[in-house]
1. Quote the charge dipole size of the stretch A:44-123 about the Cα centre in Debye, to the nearest 20; the model charges only the Cβ of Lys and Arg (+1) and of Asp and Glu (-1).
2. Kindly state, to the nearest 0.05, the FRET efficiency for A:Y154 paired with A:A87, given R0 = 35 Å and r defined as their beta-carbon distance.
3. Two decimals, Cα atoms only, Kirkwood Rh: what is Rg/Rh over the stretch A:39-149?
4. Report P(r) for the protein assembly as shown: all Cα-Cα distances, bin width 10 Å, range 0 to the bin holding the largest distance, values in whole percent.
5. Normalised by the empirical 2.2 N^0.38 Å for globular proteins, what value does the Cα Rg of the stretch A:29-90 take?
6. Rounded to the nearest 0.05, what FRET efficiency do B:F56 and B:I7 give with R0 = 30 Å and r taken as the Cβ-Cβ distance? Could you check?
7. Using only alpha carbon pairs under 8 Å that are at least six residues apart, calculate the relative contact order of chain A and give it in whole percent.
8. About the Cα centre, and with charges only on the beta carbon of Lys, Arg (+1) and Asp, Glu (-1), how big is the dipole of the stretch A:94-153? Nearest 20 debye, please.
Amino acid sequence: MLMGKLLSSPLPGEQAIFVLRQHWYRFFKVVVRYFLVAVIPFAVLWLMGRYYPVLWDKLFNDGLLEIFVKLLGSLYYLGVWVFFWDAWVDHYLDVWVVTNLRIFTYEQRGLFNRETSELRLGRVQDVSAKIRGLAATILDYGTVIIQTAGAEGYFSFDYVSRPHQVAEKIMKLVDEVKRHDGGNVEA
Amino acid sequence: MLIPYFIFLAIYLIGVFIVLLFGLSSLWHLLRYGFLSLGTVVYTFIMIVGTVLIFFLSYQVLWPIDWWQSFDVLEFIISLNPF
């Protein structure tokens, strides 16, 4: 089912070796951001009720302002919830599929903006991985960079779990393809 | 000049419609480009439950308001003057 959905036209003998998604820590940062966005209005209202009770009374006991606050509050939280959902879909739909012949990258960049790239393993020249930062070192995620022989230059995938192992696996697949095709980079 | 309150309700409902349209587009992306798994089903369910909850709470807060009353714009502007 996965192959059928992600690879619309697999080559003969093509098999998915692994599917990569971004590390959960990236989405965790999004969760924290949305949590703050949801909590800050409550904190402001709490501070207002405690230190500026006159303003509080005006906001919640004045007919028109009260209506504005309620309508905007409802719309705000609906917006925060739906945008949070969209952030999850965005995170979920960023996928790298590595097969024994090709690498596919699917990147969702907001609504109605999806980029798909395909790279034949025979065109890969070099694969490297880098881990930068404290969180990345502790949680073992980083960027995998694939240098290609084509005009594209390079492919990179951020927030990959265990990037060094992934780079090593991809390099092994590239070696296999090149050995099988006798060094023909157009394979 | 008198403006009825239900004008604000109408603007609010247009806003809700736009946000929901955005949410539905997002769901469409998930169904079109993703693949069904336990995770997607659970997250979609949580999203729908959250949206229904927000609507329920909004309804509870908004229903007691008399939307047919009106307010005077000039009177309102004068009331904002602190001096």
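Every read-out reported here was derived from the displayed coordinates using simple, explicitly stated rules and does not represent laboratory data. Computed from a prediction, not measured in an experiment: that's the story for all the values here. Cβ placement follows ideal geometry from the backbone for every residue including glycine, while neighbour counts extend to all protein chains displayed.
1. 260 debye
2. Once rounded, the FRET efficiency stands at 0.85.
3. That ratio equals 1.28.
4. Values per bin, smallest distances first: 6, 21, 24, 18, 13, 10, 6, 2, 0.
5. 1.34
6. It comes to 0.80.
7. Relative contact order here is 20 percent.
8. The dipole of the stretch A:94-153 has a size of about 60 debye.
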